[in-house]
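The values are calculated or read from the model by the stated rules, or taken from the named source; none is laboratory data. Being a predicted model, the structure only gives us computed values, none of them experimental. FYI the Cβ positions are ideal-geometry reconstructions off the backbone, even for glycines, and counts take in every protein chain you see. Heads up: the accessible areas ignore ligands, DNA and RNA and are worked out on the full protein's heavy atoms, side chains in. Shrake-Rupley method; radii C 1.70, N 1.55, O 1.52, S 1.80 Å.
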Amino acid sequence: MENKTERYEKAMNIAEVMEQSSFAKMMKKGLAIHELNQKFNRTFPPEFQGLFHLGSVNNNVLFIEVANAIVRQGILFRQAELLKILQEDYPQVEKLEVKINPEFRKITP
């Protein structure tokens, strides 16, 4: 029974506990993807705004969802430039995987 009492008496830094939580890690990842979306949006003309969304980074691949083939081709045409921007934050990424989703709704940035 003593171990249980000692455990509750141990002082803990709440900020440290929150930073180590799985929710905090998930939020950091979401914010990083959001910032990356903003960077990508600035590199494209207004016609492309809101017609693509960066999904997730898995291993060395960034997944991108687009509204149509025109947007997909625009991204693939500028793939080298986009990878350079992306590698500032995610140096391990070497490839973009662009998927067309016909049900994709325009997102206002």
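Structure above, values below:
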quantity	calculated
For region 14-100, size of Cβ-based charge dipole, Lys and Arg +1, Asp and Glu -1, in debye	180
Per-residue ³J(HN,Hα) for region 72-81, Karplus 6.51 cos²θ - 1.76 cosθ + 1.60, θ = phi - 60°, Hz, x for Gly and Pro	4, 5, x, 5, 5, 5, 9, 4, 4, 5
Surface share of carbon and sulfur [accessible, 1.4 angstrom probe, percent] for region 14-100	59
Lysine-lysine proximity count for region 14-100, Cα under 22 Å, sequence distance 8 or more or distinct chains	12
Restricting region 36-105 to GluC sites (Glu not before Pro) in coil, as DSSP defines it, with at most 16 other Cβ within 10 Å	Glu94, Glu103
Binned Cα-Cα distances of region 14-100, short to long, each 10 Å bin given as a whole percent	16, 48, 23, 10, 2
Other-chain or far-sequence residues with amide H under 5 Å of Gly55's (modelled H)	Phe63, Ile64, Glu65
Nearest-0.05 FRET efficiency for Asp89 and Asn13, computed from C-beta distance (R0 41 Å)	0.90
³J(HN,Hα) computed for each position of region 84-99 - Karplus, 6.51 cos²θ - 1.76 cosθ + 1.60, integer Hz, glycine/proline x	4, 4, 5, 6, 5, 9, 10, x, 6, 6, 10, 8, 10, 10, 10, 10
